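Undergrad: One structure, pasted below without further comment.
Rule-based calculations on the coordinates, nothing more; no lab input. Remember, it's a predicted structure, so these values are computed and weren't measured experimentally.
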Amino acid sequence: MHPAGARDYDAIFRAVGHALWRWETFEASLADLFTRLVRPRERVILERGYGSLASFKGRIDMVKAAMAAHLVVRPDPDLAKLFKDFAEMAEGFSARRNDIAHGWAMMTFGDSPAGPTHHYYLLPALYSAKGRTVTRVPREDIRMEASAYAYNPEDIDFYALHFADLTTLTQKLGGAVRQSQVSQKPKRR
């Protein structure tokens, strides 16, 4: 755990809200990128279809497929490299978004030279099979052990900044797609 947890729940709640807002802003930009790749006349129709997929994995896979088709019609090695790096980054941060969205703000206790202490962190929910390890201790009941993560507000803000970077990168990709559509004639097969 990080030595500097929050002093109260509110700091965790504010950081979670900010991070999730940043992620949703990124998702809106990703939907925009998808619609630019397929160039519809009624973008709202595609955006609704994009939004109907329940998982981020499904949405990023749909954007990857659209980008792959775009790069066949309008080859661009620089755009391909930029998108590959972007997709890997987005998929990596998706797991952190899920930690933040599904974590619980919990108080932890510890000892210091000044006496007992307590701090607040965002931890995996107690029922989370992915985020907690369960062990049996001799002569005791089964108990929860280590958590996969313990985020303080600064950690959550760190991820929120990366979510904002994803939005910026998505917008850059959208501009590159628009430019390739305007400047290149489609390659015929």
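Undergrad: In percent, what relative contact order does the stretch 9-183 have, based on Cα pairs under 8 Å that are 6 or more apart in sequence? Numbers along the way, then the final one.
TA: Working: 190 pairs, mean separation 60.1, N = 175.
That works out to 34 percent.
Undergrad: Still on this structure, please answer the following. For the stretch 21-61, just the Cα set please: Rg and Dmax, both in angstrom.
TA: Cα only, the stretch 21-61: 9.8, 28 Å (Rg, Dmax).
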